[in-house]
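Peer 1: Below you will find the structure I want to go over with you.
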Amino acid sequence: MLKVVLTKDVPGKGKRGDVVNVADGYARNYLFPREMAVVASQDKMKELAIRRKAKEAKENKIEQKARALAARLDKLKIIVKAKQGEGGKLFGSVNNKDIADALAVQHKIKLDRKKLVVKEPIKHLGVYNITAKLHPDVQVKVIVEVVGE
């Protein structure tokens, strides 16, 4: 058995950066020619540890930014103006793009529309709770009020 560091995702063996034991022939004949792995030497292991620390630091920084943004969004109320018909029913509907645009205009916060989760299209005037998924570990409820023009 040979200990190798995977440089690419290998189905059935592991993901990029994993240290795995594989048969000598499999490594020599399949992984090395396709540049999917390198021998797990001391230098490679140190380099791998440094990369992991850098990646963790970067992920922590992104998560902290998401938590700070969540704290700001938690206190906000977004007002979306829409054309209405009889009985408070809207012409068309309000979607996540409309909410993201209103957030940018009213509060100067740019947020990707894909991070706003609208479970079903908003077709009536009123106040709604929308979930904003800012990070896999960070979600916040945003209050959206739909008013008529």
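Peer 1: Could you please find all residues in region 26-66 being among the small types (Gly, Ala, Ser) and touching a His at 6+ places or on another chain (Cβ under 6 Å)? Don't jump to the end; show me each part of the working.
Peer 2: Just the residues of region 26-66 that are among the small types (Gly, Ala, Ser), to begin with: 27, 37, 40-41, 49, 54, 57, 66.
Within region 26-66, just 66 meets the criteria.
Peer 1: Of the residues 25, 87, which single one is part of a helix (DSSP H, G or I), outside the structural domain of residue 103 (by TED's automatic domain parsing) and surrounded by fewer than 10 Cβ atoms within 10 Å (Cβ to Cβ)?
Peer 2: Working: 87 fails: outside the structural domain of residue 103 (by TED's automatic domain parsing).
After ruling out the rest, the residue left standing is 25.
Peer 1: Right, another one. Are any residues in region 45-70 exposed (fewer than 11 other Cβ atoms within 10 Å of the Cβ) and small (Gly, Ala, Ser), and if so, which ones? So that I can check it myself, show each step before the final result.
Peer 2: If we filter region 45-70 for residues that are exposed (fewer than 11 other Cβ atoms within 10 Å of the Cβ), which is where we start, we get 46, 49-50, 53-54, 56-58, 60-61.
Once the filter is applied, which keeps residues that are exposed (fewer than 11 other Cβ atoms within 10 Å of the Cβ) and small (Gly, Ala, Ser), region 45-70 yields 49, 54, 57.
Peer 1: Within region 64-84, track down each residue that is more than 18 Å from residue 130 (Cβ to Cβ), touching a residue at least 40 places away in the same chain (Cβ under 8 Å) and under 19 Å from the mean Cα position of the chain (by Cα).
Peer 2: So the first thing to find is which residues in region 64-84 are more than 18 Å from residue 130 (Cβ to Cβ), and the list is 64-65, 67-68, 83-84.
Next, from what is left, pick out any that are touching a residue at least 40 places away in the same chain (Cβ under 8 Å): 67, 83-84.
The one that is more than 18 Å from residue 130 (Cβ to Cβ), touching a residue at least 40 places away in the same chain (Cβ under 8 Å) and under 19 Å from the mean Cα position of the chain (by Cα): 67.
Peer 1: Return a yes/no flag: does region 37-44 have any residue that is exposed (fewer than 13 other Cβ atoms within 10 Å of the Cβ), within 30 Å of residue 8 (Cα to Cα) and within 22 Å of the chain's Cα centre (by Cα).
Peer 2: no
Peer 1: Here are some conditions: (1) surrounded by fewer than 16 Cβ atoms within 10 Å (Cβ to Cβ); (2) over 16 Å from residue 138 (Cβ atoms). Residue 78 meets all but one. Which one does it not meet?
Peer 2: Single failed check for residue 78: (1).
Peer 1: Mind checking which residues of region 39-84 are part of a strand (DSSP E or B) and of a type outside the set (Lys, Arg)? Break it down into steps so the answer makes sense when it comes.
Peer 2: Of region 39-84, the ones part of a strand (DSSP E or B) are 39, 77-82, 84.
Selection gives 39, 78, 79, 80, 82, 84.
Peer 1: I've got another one for you. Just to be sure I understand, how many residues within region 101-117 are closer than 15 Å to residue 134 by Cα, surrounded by 13 or more Cβ atoms within 10 Å (Cβ to Cβ) and out of contact with any strand residue (DSSP E or B) (no Cβ under 6 Å at 6 or more places or on another chain)? Spell out the reasoning first.
Peer 2: Our first condition is that a residue be closer than 15 Å to residue 134 by Cα; within region 101-117, this holds for 103, 109-117.
Filter once more, keeping what is surrounded by 13 or more Cβ atoms within 10 Å (Cβ to Cβ): 103, 109, 111, 113, 115-116.
Those left that are additionally out of contact with any strand residue (DSSP E or B) (no Cβ under 6 Å at 6 or more places or on another chain): 109, 111, 113.
Number satisfying all stated conditions: 3.
Peer 1: Kindly list, by first and then second residue, each pair from a residue in region 34-56 that is free of Cβ contacts under 8 Å to residues at least 60 places away in the same chain and within 23 Å of residue 23 (Cβ to Cβ) to a residue that is acidic (Asp, Glu) and surrounded by 10 or more Cβ atoms within 10 Å (Cβ to Cβ), limited to pairs with Cβ atoms under 9 Å and residues at least 6 apart or on different chains.
Peer 2: Within 9 Å, the pairs are 36/9.
Peer 1: Among what's in region 118-145 and is exposed (fewer than 12 other Cβ atoms within 10 Å of the Cβ) and touching an Asp or Glu at 6+ places or on another chain (Cβ under 7 Å), pick the residue that is farthest from residue 71 (Cα to Cα).
Peer 2: 127
Peer 1: Taking residue 101 as the residue in question, decide whether it is among the acidic types (Asp, Glu) and under 29 Å from the mean Cα position of the chain (by Cα). Please lay out each step first, then the result.
Peer 2: Working: among the acidic types (Asp, Glu): yes; under 29 Å from the mean Cα position of the chain (by Cα): yes.
The answer is yes for residue 101.
Peer 1: Suppose the filter is among the aliphatic types (A, V, I, L, M), under 15 Å from residue 77 (Cα atoms) and free of Cβ contacts under 8 Å to residues at least 60 places away in the same chain; does residue 132 pass it? Quick ask: steps written out before the conclusion?
Peer 2: On the way: among the aliphatic types (A, V, I, L, M): yes; under 15 Å from residue 77 (Cα atoms): yes; free of Cβ contacts under 8 Å to residues at least 60 places away in the same chain: no.
So residue 132 does not fit the description; no.
The values are calculated or read from the model by the stated rules, or taken from the named source; none is laboratory data. Since this is a predicted model, take the numbers as computed values, not measurements. Counting neighbours? That spans all protein chains shown, and the Cβs are built from the backbone with ideal geometry, glycine included.
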